[in-house]
2 protein chains.
Amino acid sequence: MEIDNIESVFGEVLQEMRKKRKMSQEKLALQSNLDRTYISMLERGARKPTITTVFKLAQVLGIKPSQLIEKVEEILFEKEIAEN
Amino acid sequence: MEIDNIESVFGEVLQEMRKKRKMSQEKLALQSNLDRTYISMLERGARKPTITTVFKLAQVLGIKPSQLIEKVEEILFEKEIAEN
DNA sequence: ATGTAGACTGTTGTCGACA
DNA sequence: CTGTCGACAACAGTCTACA
């Protein structure tokens, strides 16, 4: 089945982490040195970030990149189970 | 100083993990559904993978993507310390 | 404050060939 | 088995503008 909507899951996680910090997309974009519209696309799963983008975002969110990825794994794993 | 040779560090880690498994670039490429020449470029730090590429590689290497990223963080952190 | 659109630049990732 | 090269298609990431 291969799923491969990693980008959607990443978007969910990113939005959750951002909101938890009561930060706007605009501010996140500014601080991470990325474009506001791009953050929007990321959260909606319309783009897959490169590894360097993940590092930038994690830094601004104050977590380790690996923790961000780990969150994605967890959700992805739940969804795979729900699939059989 | 901003460093930003995340791709070089990722390359180091990828190569280390691959060799530890006594796997050729060719086999890694085949199993991860990526191009052999691209694996070569990744290991030499000439390309930055997207998040989905990281997931593919980690799966073939038999580790969690977050663990792969964590290794990168560690080495990156050592290098930042060595810099002041 | 966010979503979307279109046009754009640069880079990822593919492929064939040769050392 | 790996590095590199050149050509290429596909997609990441920017920017302006409008709802």
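With respect to B:LEU30, is the statement that it is within 9 Å of the chain's Cα centre (by Cα) and modelled with pLDDT of 95 or more true?
Against the criterion (within 9 Å of the chain's Cα centre (by Cα) and modelled with pLDDT of 95 or more), B:LEU30 does not qualify.
Restricting to the stretch A:64-74, what's the tally of residues that are surrounded by 15 or more Cβ atoms within 10 Å (Cβ to Cβ) and farther than 15 Å from B:THR52 by Cβ?
Summing the residues that are surrounded by 15 or more Cβ atoms within 10 Å (Cβ to Cβ) and farther than 15 Å from B:THR52 by Cβ in the stretch A:64-74 gives 6.
Run down A:ALA46, A:ALA29, A:ALA58 and say which single residue is hydrophobic (A, V, I, L, M, F, W, C), crowded, with 18+ Cβ neighbours inside 10 Å and within 12 Å of DNA strand C (Cβ to nearest atom).
Numbers: A:ALA46 fails: crowded, with 18+ Cβ neighbours inside 10 Å; A:ALA58 fails: within 12 Å of DNA strand C (Cβ to nearest atom).
None of the others qualify; the one that does is A:ALA29.
Consider only pairs whose beta carbons are under 6 Å apart and that are at least six residues apart or on different chains; among these, list those whose first residue lies in the stretch B:30-53 and is closer than 16 Å to B:VAL9 by Cα and free of Cβ contacts under 8 Å to residues at least 24 places away in the same chain and whose second residue is assigned to a loop (DSSP other than H, G, I, E, B) and near DNA strand D (Cβ under 6 Å from one of its atoms).
The qualifying pairs are B:THR50/A:LYS48; B:ILE51/A:LYS48; B:ILE51/A:PRO49.
For B:SER40, state whether it is farther than 24 Å from A:LYS56 by Cα, surrounded by 13 or more Cβ atoms within 10 Å (Cβ to Cβ), within 12 Å of DNA strand C (Cβ to nearest atom) and within 14 Å of chain A (Cβ to nearest Cβ).
For B:SER40, the condition - farther than 24 Å from A:LYS56 by Cα, surrounded by 13 or more Cβ atoms within 10 Å (Cβ to Cβ), within 12 Å of DNA strand C (Cβ to nearest atom) and within 14 Å of chain A (Cβ to nearest Cβ) - is not met.
Exactly one condition in (1) more than 10 Å from DNA strand D (Cβ to nearest atom); (2) in a helix (DSSP H, G or I); (3) charged (D, E, K, R) is false for A:LYS22; which is it?
(2)
Residue by residue, here is whether (1) part of a helix (DSSP H, G or I); (2) under 9 Å from the mean Cα position of the chain (by Cα); (3) among the charged types (D, E, K, R) holds:
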residue	(1), (2), (3)
B:LEU14	yes, yes, no
B:ARG47	no, no, yes
B:THR52	yes, no, no
B:LYS56	yes, no, yes
B:GLN59	yes, no, no
B:ILE63	no, no, no
B:SER66	yes, no, no
B:GLU70	yes, no, yes
B:PHE77	yes, no, no
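Looking only at the stretch B:33-84, count every residue that is of a type in the set (Ser, Thr, Tyr) and more than 19 Å from A:ILE6 (Cβ to Cβ) and tell me the total.
2
Quick one: is A:GLU74 out of contact with any helix residue (DSSP H, G or I) (no Cβ under 8 Å at 6 or more places or on another chain) and within 14 Å of chain B (Cβ to nearest Cβ)? Talk me through it step by step, then tell me what you get.
Values: out of contact with any helix residue (DSSP H, G or I) (no Cβ under 8 Å at 6 or more places or on another chain): yes; within 14 Å of chain B (Cβ to nearest Cβ): yes.
Taking the combined requirement at face value, the residue satisfies it.
Of the numbered conditions (1) modelled with pLDDT of 95 or more; (2) at the interface with chain A (Cβ under 10 Å from one of its Cβ atoms); (3) on the phi > 0 side of the Ramachandran plot, B:LYS22 satisfies every one except a single condition; which is it?
(2)
Pick from A:LYS48, A:LYS64, A:LYS56: which is within 13 Å of DNA strand D (Cβ to nearest atom), within 11 Å of chain B (Cβ to nearest Cβ) and either over 22 Å from B:ASN33 (Cβ atoms) or in contact with a His (Cβ under 9 Å, 6 or more places away or on another chain) (or both)?
A:LYS56
The values are calculated or read from the model by the stated rules, or taken from the named source; none is laboratory data. Note that the coordinates shown come from a computational prediction; the quantities given were computed from them, not determined experimentally. For neighbour counting, all protein chains shown are included, and Cβ atoms are generated from backbone atoms with ideal geometry for every residue, glycine included.
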